[in-house]
Structure formats: structure tokens, C-alpha cells
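The values are calculated or read from the model by the stated rules, or taken from the named source; none is laboratory data. Here the structure is a predicted model, which is why all the values come from computation and not from measurement. FYI the Cβ positions are ideal-geometry reconstructions off the backbone, even for glycines, and counts take in every protein chain you see.
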Amino acid sequence: MTANNLFATLKEAGNGVSICGNPCVLSNADSDYTKAVCITPSLSTIYSSTNNLIGQPGVIKSGTWTSSAGATEVAKVTDDKWPTEFTYASANPWIEVAFPDTQVGVIDSVKILINNLNTTKAPFTGVTKLQGFNGSAYVDILTLDSTIHEGWNTFTFEAPNKPSYQKYKWTGATAGSCRFGEIKFIGTVSVNEAAASKQCTPKLTIGGTTTDLSIVTYSNTDTPTISSITPRYGKVQGGETITIVGTNFVSGSTSVTIDGIPCTSPTVTATQITCTTGSRPGDEKNPSFVVMVDGKGRAAN
């Protein structure tokens, strides 16, 4: 973005640039009086999440929880207090989590905690279901069977068949069929976009006024990826050669940093990078590994 004093103006409170709703962080090293440069933020979409291109899965904390029994009961399955459990004395209990209309939860696994089971495992087996809302109806994702047990039960989904819905609902036909102590969804909350590319219009906000900038395209075919790193461990003194295998690397335009320290003397082909690690004194509380390709951004790993 070229304009005199724009860099200083964007650093003022309330001003900034966003892309697809995410902040574009200013680069102090690349900006000056005549131009402001920001680093495009990562974008997690259905496509990138289900194909393991981006987004580190974790316990999903966002979303609005509701239930057939009201707010007090639904809070029991998200409070990390295992002795308590969801109670609904009537038939057709349900527990639901919903994300904003433009987002979906891409699920790597779902966990339920069952405190007590009787010998027949009723009323769960063959009755309790996890469903996803596809925009017009609820579709079955899984049904509990005789393999359930007391304690944590985990159900895992593999790419490219990870569920991706705006709403998830646990439901059952009989009283007690949602008697869970805890429910946890592990995955990422992503933009509701299943295509391999996504266009966004950056927003420049100054003094409360927002201006549209030129369109930015996120594309799978342009995204560098990392498939392996060898070796995975090394000396803090550095001086070791590592090999990075992936796609879309560009010779002369690719850099590697480990915990913010450059990996020097890189040799780069389209599918492989070799470089020499630098020394890293002490422990790093926020470890990082970044492969950056100019004009394409960070490699997905």
C-alpha cells in the first residue's frame, strides 16, 4: 500500500487492514514513510482444514451451546467438571453447538464423557446420534453402539472425510440418551468455503472509515506445503543441515526460520530445501518453524 505517512497512520489505535476478517499485521522491516506493508494472515477454510493444509486442531471453545433442558444443564457438558452430567427427564433430549453463519467447525475428533453405564448400555446404544446441519436438514454423522464405555469415548475422522457443519447436535429418542458428563469437539473453526481457492477484498480502516482495496486470492495451487523435515531434532548450537520436502518452493525467494533464527545457506528446488541451522541459546517458550516464499506466503505444515 503506497501513500506517504500511511505506515504511521495505520499504527494508530483503531486503524488497520483486514483480509477475510483477519488482521493483516504490519511489517516494520518492510514499511517506511512512502509505503505500508502487511503480512497476509492465514485463512482456514473447509478445503484447507479437511485436506490438512492449515489450521492446528484443538479443542473448539467458540460457538453457542443450547439444549432441550436449557442453559443450566447444557453448561454441565462444557464446564470441565466431570461428576456433573446433562439431565433431561423427557424423551428426545438434544445438545447443540452452533457457529456463526459464515463459519463451520471442521472436526478431527469428538469426545464424550459417560459417567455411568448400566449392563445393557441403554439408553445410548443404537439411540444416541451425532448430527450435523447441512443448511436445510440434520444428517447423521455417527450413532453410538455397544463399543461405548464409561469414561472418555473418542470418535476420530480422517481427511478428506472430516465433518464440516455450521451446527452439531447430539440427540436421542429416549430419556437419558444424552446423559453426558462432558462433550469436546477437536478441530478448527473455518470459513464456509469448500473450493480450492478463496477471494477476499481487503479492508483499509482509518479514522472509522473503511475503504476496499484490491482483491486478494488464496489458492491451493499457489500455497507452499511441507510434507517432511529431516532430522526432526538437533543441537541448540546449530550448524546442522536439515532437509525440508514439500511443494511450491521457489529458488531465490524462499527463506527458513526456526524459532525466529534463520536457517542459512539454503539450496532450494521446487520440492526440497536444505539449509544450515543457527544457534539458539536457552529454551524457546514459543517454538516456531516458518518457511516463507515471497509472493506466496508461509508454507502450510
### Message
For segment 25-37, give me each residue that is out of contact with any Ser or Thr (no Cβ under 6 Å at 6 or more places or on another chain) and either of a type in the set (Phe, Trp, Tyr) or in contact (Cβ under 8 Å) with a residue 24 or more places away in the chain (or both).
### Response
SER31, ASP32, TYR33, THR34, ALA36
### Task
Residue by residue through segment 163-185, note down the ones that are under 17 Å from LEU117 (Cα atoms) and either outside the structural domain of VAL127 (by TED's automatic domain parsing) or part of a loop (DSSP other than H, G, I, E, B) (or both).
GLY172, THR174, ALA175, GLY176, SER177, CYS178, ARG179, PHE180, GLY181
### Task
Assess whether THR188 counts as being part of a strand (DSSP E or B) and touching a helix residue (DSSP H, G or I) at 6+ places or on another chain (Cβ under 7 Å).
yes
### Task
Go through segment 259-299 and count every residue that is over 20 Å from SER27 (Cβ atoms) and either part of a strand (DSSP E or B) or charged (D, E, K, R) (or both).
14
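Per-residue answers, yes or no, for (1) at negative phi; (2) out of contact with any strand residue (DSSP E or B) (no Cβ under 6 Å at 6 or more places or on another chain); (3) loosely packed, with under 15 Cβ neighbours inside 10 Å:
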{"site": "VAL216", "(1), (2), (3)": "yes, no, no"}
{"site": "THR225", "(1), (2), (3)": "yes, no, no"}
{"site": "GLN237", "(1), (2), (3)": "yes, yes, yes"}
{"site": "SER255", "(1), (2), (3)": "yes, no, no"}
{"site": "PRO262", "(1), (2), (3)": "yes, yes, yes"}
{"site": "ILE273", "(1), (2), (3)": "yes, no, no"}
{"site": "ASP283", "(1), (2), (3)": "yes, yes, yes"}
{"site": "VAL293", "(1), (2), (3)": "yes, no, no"}
{"site": "LYS296", "(1), (2), (3)": "yes, yes, no"}
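The rows are residues; the columns are (1) at pLDDT below 95; (2) part of a loop (DSSP other than H, G, I, E, B); (3) among the hydrophobic types (A, V, I, L, M, F, W, C); (4) more than 28 Å from GLY21 (Cβ to Cβ).
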position: ASP101; (1), (2), (3), (4): yes, yes, no, no
position: ILE112; (1), (2), (3), (4): no, no, yes, yes
position: ALA122; (1), (2), (3), (4): yes, yes, yes, yes
position: LEU130; (1), (2), (3), (4): no, no, yes, yes
position: LEU142; (1), (2), (3), (4): no, no, yes, yes
position: PHE155; (1), (2), (3), (4): no, no, yes, yes
position: ASN161; (1), (2), (3), (4): yes, yes, no, no
### Query
Of TRP65, TRP82, which residue is among the hydrophobic types (A, V, I, L, M, F, W, C), in a strand (DSSP E or B) and either in contact with a Lys or Arg (Cβ under 7 Å, 6 or more places away or on another chain) or under 30 Å from CYS178 (Cβ atoms) (or both)?
TRP65
### Residues of segment 149-173 satisfying the condition of being crowded, with 19+ Cβ neighbours inside 10 Å and of a type in the set (Ser, Thr, Tyr)
SER164, TYR165, TYR168, THR171
## Note on the structure
Here the residues within segment 160-195 that are farther than 16 Å from SER109 by Cα and aromatic (Phe, Trp, Tyr) are PHE180
### Message
I'm checking my understanding of the structure. Among residues of segment 133-177 that are among the polar types (S, T, N, Q) and out of contact with any strand residue (DSSP E or B) (no Cβ under 6 Å at 6 or more places or on another chain), which one is nearest to PHE99 (Cα to Cα)?
### Response
ASN134
### Query
Which condition breaks for ASN134 when tested against (1) surrounded by 14 or more Cβ atoms within 10 Å (Cβ to Cβ); (2) of a type in the set (S, T, N, Q); (3) modelled with pLDDT under 95?
(1)
### Summary
All-but-one check, THR9 against (1) within 27 Å of PRO224 (Cβ to Cβ); (2) in contact (Cβ under 8 Å) with a residue 40 or more places away in the chain; (3) over 28 Å from the mean Cα position of the chain (by Cα), failing number (1)
### Message
I need the full set of residues from segment 258-301 which are closer than 26 Å to SER49 by Cα, more than 22 Å from the chain's Cα centre (by Cα) and of a type in the set (Ser, Thr, Tyr), in order please.
### Response
THR271
### Task
Output the residues belonging to segment 144-190 that are touching a residue at least 60 places away in the same chain (Cβ under 8 Å) and hydrophobic (A, V, I, L, M, F, W, C).
ALA159, TRP170, ALA173, ALA175, CYS178, PHE180, ILE183, PHE185, ILE186, VAL189
